[in-house]
1. Quick one: in region 74-147, what % of C-alpha pairs are over 19 Å apart?
2. How much of K121 can a 1.4 Å solvent probe reach, expressed as accessible area in Å² and rounded to 10?
3. Taking 0.36 nm per intervening residue step and subtracting the Cα-Cα distance, what contour gain separates L144 from N82 on full extension?
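The values are calculated or read from the model by the stated rules, or taken from the named source; none is laboratory data. Only a predicted model underlies this, so the values are computations on that prediction, with no experimental measurement involved. Note: areas computed on protein heavy atoms with side chains; ligands, DNA, RNA excluded. Shrake-Rupley method; radii C 1.70, N 1.55, O 1.52, S 1.80 Å.
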Amino acid sequence: FASLCTSFRESKYVLVMAAAAPQSVNFEEVSKAFTQHFYMTFDTNREGLASLYTDQSLMTYEGTQIMGQAAIMNKYRSLGFNQAKHNIKTQDAHPNPLQPNAVIVFVTGDLQIEGQEYPMKFAEVFHLVQTGASFIIANHIFRLNIG
């Protein structure tokens with residue numbers, strides 16, 4: 001694995017593997033690059049997340065399943081706040097042994113919403129699947145940790 005380069009192409013985040021066979025995805029590097037991009041984009045330009053989803057992507061948001069890019073983006077638009085700040089506390093990644101070039105990412109942290117005095121704890125899981133030189137979110141689970 002020679003290098004992992006990140007670039008934006010037509011508002012689509014592309015992870016490019018240089019000099020690597022498809023089976024040699026460095027899941028830790030993919031996870032770190034994805035996590036940084038996802039939360040930066042969520043916090044500054046939520047509409048920019050659309051290119052990470054497909055019509056087959058499935059999100060579970062607080063127990064409610066949402067299927068497809070358009071429905072997921074509509075959910076983001078309906079959240080009731082415009083500004084948010086994620087503070088990532090932990091990030092774990094696994095390769096998917098049954099699906100080459102797929103990565104499972106688990107993230108925990110604090111979510112500060114505009115107008116809220118205290119941040120909320122959250123946990124999130126992403127199943128990333130490589131399509132060509134980029135990764136898409138095939139599955140996404142989000143939960144607030146309220147208790």
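1. Details: 1254 of 2701 pairs.
Summing the P(r) tail past 19 Å for region 74-147 gives 46 percent.
2. 110
3. Working: separation 62, 0.36 × 62 = 22.32 nm, distance 1.77 nm.
Additional length available on full extension: 20.5 nm.
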